[in-house]
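The next block holds one structure in the form of structure tokens; read it before the comments.
The values are calculated or read from the model by the stated rules, or taken from the named source; none is laboratory data. Small disclaimer: the values here were computed from a predicted structure and weren't measured. Every residue, glycine among them, receives a Cβ derived from its backbone with ideal geometry; neighbour counts consider all protein chains shown. For the accessible areas, the whole protein counts, side chains as well, though only heavy atoms, and no ligand, DNA or RNA atoms are used. Shrake-Rupley method; radii C 1.70, N 1.55, O 1.52, S 1.80 Å.
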Amino acid sequence: MRRRFFRELEKTPVADYDYIIAGAGAAGCVLAYRLSANPAVRVLLIEAGPPDSHPFIHMPKGLAKVMADPRHVWAYRSKPEACTAGASEVWVRGRVLGGSSSINGMMYVRGQPADFDAIAELTSDDWSWEHIGAAYAALETHELGAGETRGDKGPIHVTLPHLRDALSEAQIAAGYAMGWSAKEDMNAPTDEVAIGYAPRTIHRGRRQSAAKAFLEPARSRRNLAILTDTTVDRVVFEARRAVGVRVVQGGAAREIRCDHEVIIAGGAMSSPGILERSGVGDPARLAAVGAPLVHANPQVGENLIEHRGLIMQWKLSRDVSHNQQYAGWRLLWSTAKYYLGLDSLMSAAAYEIVGWFKSDPGLNRPDVQILVAPFSFDMANHRQSLEAFPGMHVTVYPLRPGSKGRIHIETLDPDAPAAFEPNYRATEADRRSMIGAVRGVREYVRREPLAGLIACETLPGTACETDDQILDAYDRLGTCGYHAVGSCRMGKDAESVVDPALRVRGVAGLRVMDTSIMPTIPSGNTNGPTMAMAWRAADIILRDWGR
Ligand SMILES: Cc1cc2nc3c(=O)[nH]c(=O)nc-3n(C[C@H](O)[C@H](O)[C@H](O)COP(=O)(O)OP(=O)(O)OC[C@H]3O[C@@H](n4cnc5c(N)ncnc54)[C@H](O)[C@@H]3O)c2cc1C
């Protein structure tokens, strides 16, 4: 099966490619689809992980199982810091065809237009909302049909949640009682305070990963080859020009060459490491691990920005939550319905309600996101099961933190995940919005009809009241957003890692395109922004080549 799908490299002569893309995640799949759309452009896409054949990848609620499966994830460990209460935090990323889009929560959130205009200010007009809005319209087939910046002919299907229940309706109505707007399409580019059902990358009950949406329609193209279970160790340079990559496949290393460019797309947690192993990075760090020096740039691996979330939970006074639905015969029934092709809890995204509000009424646009769920986790079981009594939860985080961490390799082993320091809440502005976010959520759950369903707050609990106690709760109980960006920062300044056309500074024939290039974090989940920026990147790359 794998042989039929993935053409063997041995059958192709050396340097049979124009582009080599390292990493088949959200960005890599979009790039492969777009670059190989021209039959004259020969593309090789290389993925460290296996094909996406596991059934739990495609079943939306299989997410918890896939995320915990070491065969399908990279597990990155943080160094202990005060902002994680001295503990080491694990951030997983997909290591499979489709990358993190094959293990993510399937919320399709596009970010605010002002995010992209701000990125354009730091880079070039190529990245403004005008272009990114057009990219979204081109890549989507949206259940709501074409609209302003919404598409109906693109490769990726976007749908709205179909299952509605009393608790979810009450959760949305409480937002309206706060004065938050109702939006049929929560992604309509209006930047307003709002709550509603969240669009999802789910189609006919199955996950729409980037692999499903972009590689499936392209897999028969003769000018696209895909290699799985192959780790890119480093970029091969000749006189500071990238001419290929060194890969490790089944324990054996070899070089694969290309005629035009290498594009690194390993994600924000991996791409800086590929650059460092290749000799692009801080000279002292490279020397410490024994990497050669090709170009000195101390910014590689810096500027890591991530959402810091807090899970807030409530015990309910009535049995309206989903907690009981995920056990016993009800779970079996939902699973059977899923396999019969019917809507069921097993075809729901991680969160199906999203809201945006302001932690301070003086702000000109929302700075907090809430993900609202009709169930509550059993924290004693590390979120692997649900509480025995009826409950609900909200994951809340500030949208645009300015605190910056870092990620760097500590060994030359390409399969060893790099070590990182998240450095959450390093700025006063971030701390203020974290505190305002929690207070805003508490005000929200005091609104009817939700208030009448709530017995008490169980997490972080009412004893957590002062500003310091709230920040302490983020440290002890907080969660990453799985949205890290910025570790190969794009900028028009000479210190940035890549220039506004994504070219790695100081060398030739090498670009990066994935979440790592975002100089600031978009307002929301990052899968949509990554795909839209990759779509736009293909325009820029082909424009540069004159194709
Ligand atoms: C658990 C989880 C839940 C999430 N939930 C959501 C959500 O609901 N909505 C949303 O919008 N976003 C969500 N995200 C974020 C979103 O999926 C990512 O922002 C997006 O996938 C990033 O795309 P990327 O191309 O930068 O990296 P990835 O999609 O992570 O892809 C990188 C790929 O490169 C491969 N790779 C890395 N190093 C190498 C190497 N050396 N050689 C070869 N291949 C390599 C990896 O194996 C991987 O396949 C979630 C992420 C995670 C991890």
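Under the condition of being under 26 Å from the mean Cα position of the chain (by Cα) and more than 14 Å from the ligand (Cβ to nearest atom), the residues counted in the stretch 263-292 number 2.
Among the candidates CYS464, CYS480, the residue that is without any contact (Cβ under 8 Å) to a residue 60 or more places away in the chain and touching an Asp or Glu at 6+ places or on another chain (Cβ under 8 Å) is uniquely CYS464. For the residues SER487, SER516, SER523, the requirement of being surrounded by 17 or more Cβ atoms within 10 Å (Cβ to Cβ), within 15 Å of the ligand (Cβ to nearest atom) and closer than 18 Å to GLY309 by Cβ singles out SER523. Only one of the numbered conditions (1) out of contact with any Gly (no Cβ under 7 Å at 6 or more places or on another chain); (2) farther than 16 Å from ARG241 by Cα; (3) surrounded by fewer than 24 Cβ atoms within 10 Å (Cβ to Cβ) is not met by ALA296, and that is (2).
Which ones in the stretch 185-208 are among the small types (Gly, Ala, Ser) and over 23 Å from THR335 (Cα atoms)? Within the stretch 185-208, ALA188, ALA194, GLY196 qualify.
Of the set (1) in contact with a helix residue (DSSP H, G or I) (Cβ under 8 Å, 6 or more places away or on another chain); (2) away from the ligand (no atom under 16 Å from the Cβ), all apply to TRP535 but (2). The set of residues from the stretch 366-413 being among the aromatic types (Phe, Trp, Tyr), closer than 25 Å to GLU81 by Cβ and either more than 23 Å from the chain's Cα centre (by Cα) or crowded, with 21+ Cβ neighbours inside 10 Å (or both) comprises just one member, TYR397.
Only residues that are touching a Leu at 6+ places or on another chain (Cβ under 8 Å) and surrounded by fewer than 23 Cβ atoms within 10 Å (Cβ to Cβ) were counted in the stretch 211-223, giving 1.
Residues that are over 17 Å from VAL92 (Cβ atoms) and among the β-branched types (Val, Ile, Thr) within the stretch 401-424 comprise ILE409, THR411, listed in sequence order.
Of everything listed in (1) away from the ligand (no atom under 13 Å from the Cβ); (2) part of a strand (DSSP E or B); (3) surrounded by fewer than 24 Cβ atoms within 10 Å (Cβ to Cβ), the single unmet condition for SER168 is (2). A single entry from GLN325, GLN313 fulfils the requirement of being open to solvent by 10 Å² or more (accessible area, probe 1.4 Å) and not β-branched (Val, Ile, Thr): GLN325. Do we have any residue at all in the stretch 501-514 that's under 30 Å from ALA166 (Cβ atoms) and touching a residue at least 40 places away in the same chain (Cβ under 8 Å)? Looking through the stretch 501-514, none of the residues is under 30 Å from ALA166 (Cβ atoms) and touching a residue at least 40 places away in the same chain (Cβ under 8 Å). It is to be established whether one or more residues within the stretch 465-480 are within 16 Å of the ligand (Cβ to nearest atom), of a type in the set (A, V, I, L, M, F, W, C) and open to solvent by less than 20 Å² (accessible area, probe 1.4 Å). Taking every residue of the stretch 465-480 in turn, at least one turns out to be within 16 Å of the ligand (Cβ to nearest atom), of a type in the set (A, V, I, L, M, F, W, C) and open to solvent by less than 20 Å² (accessible area, probe 1.4 Å).
Screening HIS131 with (1) in contact with a helix residue (DSSP H, G or I) (Cβ under 8 Å, 6 or more places away or on another chain); (2) surrounded by fewer than 18 Cβ atoms within 10 Å (Cβ to Cβ); (3) not charged (D, E, K, R) gives one miss only, at (2). May I ask you to list pairs of residues, at least six apart or on different chains, whose Cβ atoms are under 6 Å apart, with the first in the stretch 139-153 being among the small types (Gly, Ala, Ser) and the second being open to solvent by 50 Å² or more (accessible area, probe 1.4 Å) and part of a strand (DSSP E or B)? Pairs found: GLY145/ASP152; ALA146/ASP152. For the stretch 415-424, indicate whether the set of residues that are out of contact with any Ser or Thr (no Cβ under 7 Å at 6 or more places or on another chain) and either open to solvent by 50 Å² or more (accessible area, probe 1.4 Å) or of a type in the set (Phe, Trp, Tyr) (or both) is non-empty. So far as the stretch 415-424 goes, yes, one or more of its residues are out of contact with any Ser or Thr (no Cβ under 7 Å at 6 or more places or on another chain) and either open to solvent by 50 Å² or more (accessible area, probe 1.4 Å) or of a type in the set (Phe, Trp, Tyr) (or both). One residue stands out in the stretch 224-242 among those that are surrounded by 21 or more Cβ atoms within 10 Å (Cβ to Cβ) and within 17 Å of ARG42 (Cα to Cα): the one that is nearest to the ligand (Cβ to nearest atom), namely ILE226. Does ARG110 qualify as being in contact (Cβ under 8 Å) with a residue 60 or more places away in the chain, over 26 Å from GLY355 (Cα atoms) and more than 8 Å from the ligand (Cβ to nearest atom)? Against the criterion (in contact (Cβ under 8 Å) with a residue 60 or more places away in the chain, over 26 Å from GLY355 (Cα atoms) and more than 8 Å from the ligand (Cβ to nearest atom)), ARG110 does not qualify. The helices (runs of 4 or more DSSP H) falling completely within the stretch 1-74 that include 2 or more residues that are at pLDDT below 95 map to 2-5, 63-67.
Residue-by-condition table, conditions (1) aliphatic (A, V, I, L, M); (2) touching a Pro at 6+ places or on another chain (Cβ under 9 Å):
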{"residue": "VAL485", "(1), (2)": "yes, yes"}
{"residue": "ASP493", "(1), (2)": "no, no"}
{"residue": "ARG505", "(1), (2)": "no, no"}
{"residue": "PRO522", "(1), (2)": "no, yes"}
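Residue pairs whose Cβ atoms lie under 7 Å apart, sitting 6 or more positions apart in sequence or on different chains, and linking a residue in the stretch 341-369 that is touching a residue at least 24 places away in the same chain (Cβ under 8 Å) and polar (S, T, N, Q) to a partner that is part of a loop (DSSP other than H, G, I, E, B) and crowded, with 17+ Cβ neighbours inside 10 Å, are SER347/GLY205; SER359/ASP367; GLN369/LEU399; GLN369/GLY524. Of all residues in the stretch 504-513 being more than 14 Å from the ligand (Cβ to nearest atom) and open to solvent by less than 20 Å² (accessible area, probe 1.4 Å), which is farthest from ALA239 (Cα to Cα)? If we take residues in the stretch 504-513 being more than 14 Å from the ligand (Cβ to nearest atom) and open to solvent by less than 20 Å² (accessible area, probe 1.4 Å), then VAL504 is farthest from ALA239 (Cα to Cα). Of these, PRO80, PRO50, PRO70, which one is within 29 Å of SER385 (Cβ to Cβ), away from the ligand (no atom under 15 Å from the Cβ) and surrounded by fewer than 23 Cβ atoms within 10 Å (Cβ to Cβ)? Result of the check over PRO80, PRO50, PRO70: PRO80.
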